[in-house]
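The values are calculated or read from the model by the stated rules, or taken from the named source; none is laboratory data. Keep in mind the model is a prediction, meaning the values are calculated, not measured. We place every Cβ from the backbone using ideal geometry, glycine too, and count neighbours over all the protein chains shown.
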Amino acid sequence: GTKASSLQIRETIREAMHQCRIGTLALFEGIDDTTFRRQAHPEFSPVGWHLGHIAYTEALWLLQRCAGLPPLFPEYHRLFAADGLPKSERENVPPLTEIHHYLNTVRTQVFSYLETAPVEQQERLWHFLIQHESQHGETIAFVLQLQRWHLLERHQEMWVQGSAVNVSSSSSSVSSVPSRDVEMREIPAGEFMMGNDSIEALDNERSRHRVYLDTYWIDRYPVTCRQYREFIEAGGYQNERWWSPDGWKWLQENPVAQPLYWSSASTWDNHPVCGVSWYEADAYARFVGKRLPTEAEWEKAASWDAATGQPRTYPWGQETPDSHRCNLDNCVGQTTPVNAYPLGQSAYGCDDMLGNVWEWTASWFDAYEGFVSYPYRGYSQTYFDGQHRVLKGGSWATRPRAIRSSFRNWYYPSIRQILAGFRCAISQPDSGDSMI
Ligand code: AVJ
Ligand code: FE
């Protein structure tokens with residue numbers, strides 16, 4: 001009956017929040033105060049800020065808005081509200097111990113509220129908050145990587161020397177054929193169901209809707225470092241011909257000649273490229289006579305099971321994501337070879353679609369028909385501005401509650417600090433304006 005089900009909801013929520021928090025705090029093990037407060041890049045806040053913002057957001061929605069309690073720690077409002085101080089003014093965060101106290105105080109009250117809260121009506125909000133913390137957890141993870149990267153760059157060391165040691169499967173190989181001939185999967189023409197209506201689905205995933213796609217082909221794996229090296233070595237960064245006008249303009253203003261998280265060591269050959277802007281992904285795709293998949297093409301390849309006529313929540317089915325199926329949740333702490341998770345394959349035979357690296361798509365972030373903002377306009381709607389590209393699939397740092405085939409991430413096309421790579425698609429096997 002009703003009682004049993006709200007008991008179950010409470011228990012599920014409590015356990016999810018508890019597990020999520022363990023993972024969040026684990027990211028801060030051994031982090032010094034400078035790292036905690038430093039802004040590593042103008043687009044991203046200091047990692048310590050994210051921790052305070054997690055507590056602030058939980059208190060705002062559950063204690064103030066739902067329980068009707070007065071603001072806890074009102075002195076933190078300006079610093080930790082999403083629309084408070086600009087990112088550049090967030091370096092003055094209190095030390096970790098003080099933020100721990102903030103988190104714990106909020107969480108104790110939240111769990112006590114949970115005992116009697118009308119969770120059946122609020123279930124969506126609780127799930128939003130779990131995913132909110134999960135997403136900030138990923139940002140914390142990549143900002144920490146960015147800081148380590150900068151540090152190692154300063155010392156002119158090779159990042160690979162320290163961290164490649166645990167990657168045992170790096171010698172397994174993806175056949176060494178020219179890049180444009182990498183294995184692709186044919187996705188036959190037809191309708192599929194895009195989006196998600198489950199209680200966990202965020203506003204931008206709703207509602208599930210039918211989409212018809214013509215036949216297309218999509219890469220079985222994300223583009224690897226070995227494949228991408230051909231682009232670098234062929235002078236890809238020096239040749240305007242592969243770049244969109246906006247991409248070439250971006251490149252002139254931001255002269256780079258390789259991905260951000262790049263090593264030319266062969267150890268990384270079968271790992272996906274990580275740390276490219278959308279412009280670089282787009283240029284590589286043109287170089288091999290392909291294009292980036294649309295978000296719909298990506299999602300169909302990842303989720304649609306033509307045999308049952310139903311979408312799967314994850315490429316492999318409904319089983320919750322874990323380290324047997326994909327590289328997620330900081331389990332490995334870096335990328336893995338693109339063929340390391342055969343159990344993660346989709347119904348159409350695509351591999352490594354969840355975890356490892358986010359994948360840029362050709363699509364602008366936009367609303368599905370009938371979109372309704374939740375829980376606030378600034379979560380998604382503010383970003384339906386024709387300036388953000390959709391990323392799919394999650395990375396090695398994505399938390400398990402924020403990874404599924406319908407999940408949509410978005411960033412400016414110029415951003416390279418996130419853990420993003422890509423795979424390519426084509427409409428017709430021989431349609432490529434074949435080059436060279
Ligand atoms: C969806 C990852 C782009 O971090 O800016 C967190 C998620 N929104 N708090 C972000 C988010 C509000 C968002 N991304
Ligand atoms: Fe937030």
Exercise. If you go through the range 366-418, how many residues are of a type in the set (Phe, Trp, Tyr) and closer than 28 Å to Gly333 by Cα?
Worked result: 6
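For Gly370, indicate whether it is part of a loop (DSSP other than H, G, I, E, B), away from ligand 1 (no atom under 14 Å from the Cβ), free of Cβ contacts under 8 Å to residues at least 24 places away in the same chain and over 25 Å from Ile22 (Cα atoms).
Numbers: part of a loop (DSSP other than H, G, I, E, B): yes; away from ligand 1 (no atom under 14 Å from the Cβ): yes; free of Cβ contacts under 8 Å to residues at least 24 places away in the same chain: no; over 25 Å from Ile22 (Cα atoms): yes.
Here the answer is no, as Gly370 does not meet what is asked.
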For this session: Check Gly349 against each of (1) surrounded by fewer than 16 Cβ atoms within 10 Å (Cβ to Cβ); (2) of a type outside the set (S, T, N, Q); (3) touching a strand residue (DSSP E or B) at 6+ places or on another chain (Cβ under 8 Å); (4) over 30 Å from Gln227 (Cα atoms) and name the one condition it does not meet.
Result: (4)
For this session: Enumerate the helices (runs of 4 or more DSSP H) found wholly within the range 1-106, keeping only those where 2 or more residues are within 16 Å of ligand 1 (Cβ to nearest atom).
Result: 2-26, 47-58, 77-80
For this session: Take Ser406 and decide whether it is small (Gly, Ala, Ser) and under 18 Å from Val211 (Cα atoms).
Result: yes
For this session: Please find, within the range 29-49, the residue that is nearest to ligand 2 (Cβ to nearest atom) out of those that are hydroxyl-bearing (Ser, Thr, Tyr) and closer than 15 Å to Pro95 by Cβ.
Result: Thr35
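Find the residue count for the range 253-279, including only residues that are under 15 Å from the mean Cα position of the chain (by Cα), more than 21 Å from Arg220 (Cβ to Cβ) and not in a loop (DSSP other than H, G, I, E, B).
Qualifying residue count, the range 253-279: 1.
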For this session: Please identify the pairs in which a residue from the range 69-86 that is of a type in the set (Phe, Trp, Tyr) has its Cβ atom under 8 Å from the Cβ atom of a residue that is more than 16 Å from ligand 1 (Cβ to nearest atom), counting only partners at least 6 apart or on another chain.
Result: Phe73/Tyr102; Phe73/Thr105; Tyr76/Tyr102
Problem set entry | Residue ID - nearest to ligand 2 (Cβ to nearest atom), chosen from residues in the range 50-71 that are closer than 21 Å to Asn92 by Cβ and either in contact with a Pro (Cβ under 8 Å, 6 or more places away or on another chain) or of a type in the set (A, V, I, L, M, F, W, C) (or both) | Ile54
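What do you reckon, is Ser363 crowded, with 17+ Cβ neighbours inside 10 Å and outside any loop (DSSP other than H, G, I, E, B)? Please lay out each step first, then the result.
Values: crowded, with 17+ Cβ neighbours inside 10 Å: yes; outside any loop (DSSP other than H, G, I, E, B): yes.
Spelling it out, Ser363 is indeed crowded, with 17+ Cβ neighbours inside 10 Å and outside any loop (DSSP other than H, G, I, E, B).
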Problem set entry | Looking only at the range 377-434, and only at residues there that are in contact with a helix residue (DSSP H, G or I) (Cβ under 7 Å, 6 or more places away or on another chain) and part of a strand (DSSP E or B), the one that is nearest to Ala285 (Cα to Cα) | Ala425
Exercise. If you take the residues of the range 32-62 that are of a type in the set (Ser, Thr, Tyr) and closer than 23 Å to His127 by Cα, which of them is surrounded by the fewest Cβ atoms within 10 Å (Cβ to Cβ)?
Worked result: Thr57
For this session: Starting from residues that are surrounded by fewer than 20 Cβ atoms within 10 Å (Cβ to Cβ) and small (Gly, Ala, Ser), keep the ones in the range 388-436 and report whichever is modelled with the lowest pLDDT.
Result: Ser434
Seminar exercise, completed: In the range 206-219, anything within 20 Å of the chain's Cα centre (by Cα) and surrounded by fewer than 22 Cβ atoms within 10 Å (Cβ to Cβ) is listed as Arg206
Problem set entry | Scan of the range 110-137 for residues that are among the polar types (S, T, N, Q) and in a helix (DSSP H, G or I), ordered by number | Ser112, Gln121, Gln122, Gln131, Ser134, Gln135
Exercise. So is Gln122 away from ligand 2 (no atom under 16 Å from the Cβ) and either closer than 28 Å to Glu205 by Cα or buried (at least 20 other Cβ atoms within 10 Å of the Cβ) (or both) or not?
Worked result: yes
Problem set entry | So Ile232, is it in a strand (DSSP E or B), of a type in the set (A, V, I, L, M) and at pLDDT 95 or above | no
For this session: Please verify whether the range 378-385 includes one or more residues that are touching a Leu at 6+ places or on another chain (Cβ under 8 Å), surrounded by 24 or more Cβ atoms within 10 Å (Cβ to Cβ) and not aromatic (Phe, Trp, Tyr).
Result: no
